[in-house]
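Notes to accompany the following structure.
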Amino acid sequence: MKLFLKKTMKMISSIITFLLFINLILMAFLVVSSKASGGEPQAFGYQLKTVLSGSMEPTFKTGSIIIVKPLDMKEKTQLKKGDIITFKVGPDKLITHRISSVNKSGEHVLYETKGDNNKRKDLDPVLSDNVVAKYSGFTIPYVGYFIDFSKSKEGSAILLIVPGILLLGYAGVSIYQAIRAIDTKSKDTDPTEKTA
């Protein structure tokens, strides 16, 4: 029973160490990636976008992150009805809505869009040049709050420092326990110790 308990504790210890390490790597990636791109984090040609409103519920909830694929000029003109796109509405504002219809006028393509939770279509059609990306079909609920937090100076510091401190603290405790176990074992097996 004692051996089983020791093995279980060792396995739990290994899992905790692994999770803390993965958390540190993930937080470092999110912070560095968002700082490097000047906005949303990206990896392997995809970007993470935070859902800031409920206009696309139930497809994605507010606070979720969605993974989108940036499009080149040719791809921007080949989208179809039902595609979910991210597009510019001003210099600093992006919206992600579903295409409800496609209108072609010569070389220009205009997309009428609508949020799944909205009753009416968006007022202005979207010029294909203003399309930034297409939704990949992958969503992670509520993680967007953490990404938004990681963009702030305080968030960057906390999300990098706290997992690092936890990992170092846990490593310190593990080292202390290992030294105690070695000391106890060496006292138990010390041949110079006399028994009465």
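Tell me yes or no: at least one residue of the stretch 53-61 is touching a strand residue (DSSP E or B) at 6+ places or on another chain (Cβ under 6 Å), at pLDDT 80 or above and not small (Gly, Ala, Ser).
For the stretch 53-61, residues touching a strand residue (DSSP E or B) at 6+ places or on another chain (Cβ under 6 Å), at pLDDT 80 or above and not small (Gly, Ala, Ser): present.
Does Ser128 satisfy being of a type in the set (Gly, Ala, Ser) and at pLDDT below 70?
When the stated conditions are applied, Ser128 does not pass them.
Determine which member of the set Ser136, Ser186, Ser174 is surrounded by 11 or more Cβ atoms within 10 Å (Cβ to Cβ), over 30 Å from Ile85 (Cα atoms), of a type in the set (Ser, Thr, Tyr) and at pLDDT 70 or above.
Ser174
Confirm whether Ser33 is among the polar types (S, T, N, Q), surrounded by 15 or more Cβ atoms within 10 Å (Cβ to Cβ) and either at pLDDT below 80 or not in a strand (DSSP E or B) (or both).
Yes, satisfied.
Which residue, of Val102, Val109, is without any contact (Cβ under 8 Å) to a residue 60 or more places away in the chain, surrounded by 15 or more Cβ atoms within 10 Å (Cβ to Cβ), farther than 21 Å from Tyr46 by Cβ and in contact with a Ser or Thr (Cβ under 6 Å, 6 or more places away or on another chain)?
Criteria check complete, one pass: Val109.
Starting from residues that are in contact (Cβ under 8 Å) with a residue 60 or more places away in the chain and in a loop (DSSP other than H, G, I, E, B), keep the ones in the stretch 63-79 and report whichever is surrounded by the most Cβ atoms within 10 Å (Cβ to Cβ).
Filtering the stretch 63-79 for residues that are in contact (Cβ under 8 Å) with a residue 60 or more places away in the chain and in a loop (DSSP other than H, G, I, E, B), the one surrounded by the most Cβ atoms within 10 Å (Cβ to Cβ) comes out as Ser64.
Among (1) among the basic types (Lys, Arg); (2) closer than 13 Å to Tyr135 by Cα; (3) in contact with a Phe, Trp or Tyr (Cβ under 8 Å, 6 or more places away or on another chain), there is one condition Lys80 misses while meeting the rest; what is its number?
(3)
Which residues, counting only those in the stretch 112-126, are part of a loop (DSSP other than H, G, I, E, B) and either under 17 Å from Gly90 (Cα atoms) or free of Cβ contacts under 8 Å to residues at least 40 places away in the same chain (or both)?
Of everything in the stretch 112-126, those that are part of a loop (DSSP other than H, G, I, E, B) and either under 17 Å from Gly90 (Cα atoms) or free of Cβ contacts under 8 Å to residues at least 40 places away in the same chain (or both) turn out to be Lys119, Arg120, Lys121, Asp122, Leu123, Asp124, Pro125.
So if I check each of Asp92, Asp129, which one is surrounded by fewer than 16 Cβ atoms within 10 Å (Cβ to Cβ), free of Cβ contacts under 8 Å to residues at least 60 places away in the same chain and in a loop (DSSP other than H, G, I, E, B)?
Result: Asp92 is the single residue among Asp92, Asp129 that is surrounded by fewer than 16 Cβ atoms within 10 Å (Cβ to Cβ), free of Cβ contacts under 8 Å to residues at least 60 places away in the same chain and in a loop (DSSP other than H, G, I, E, B).
The values are calculated or read from the model by the stated rules, or taken from the named source; none is laboratory data. As the structure is a prediction and not an experimental result, all values here were calculated from the model. Every residue, glycine as well, gets a Cβ built from its backbone with ideal geometry; the counts of neighbours run over all protein chains shown.
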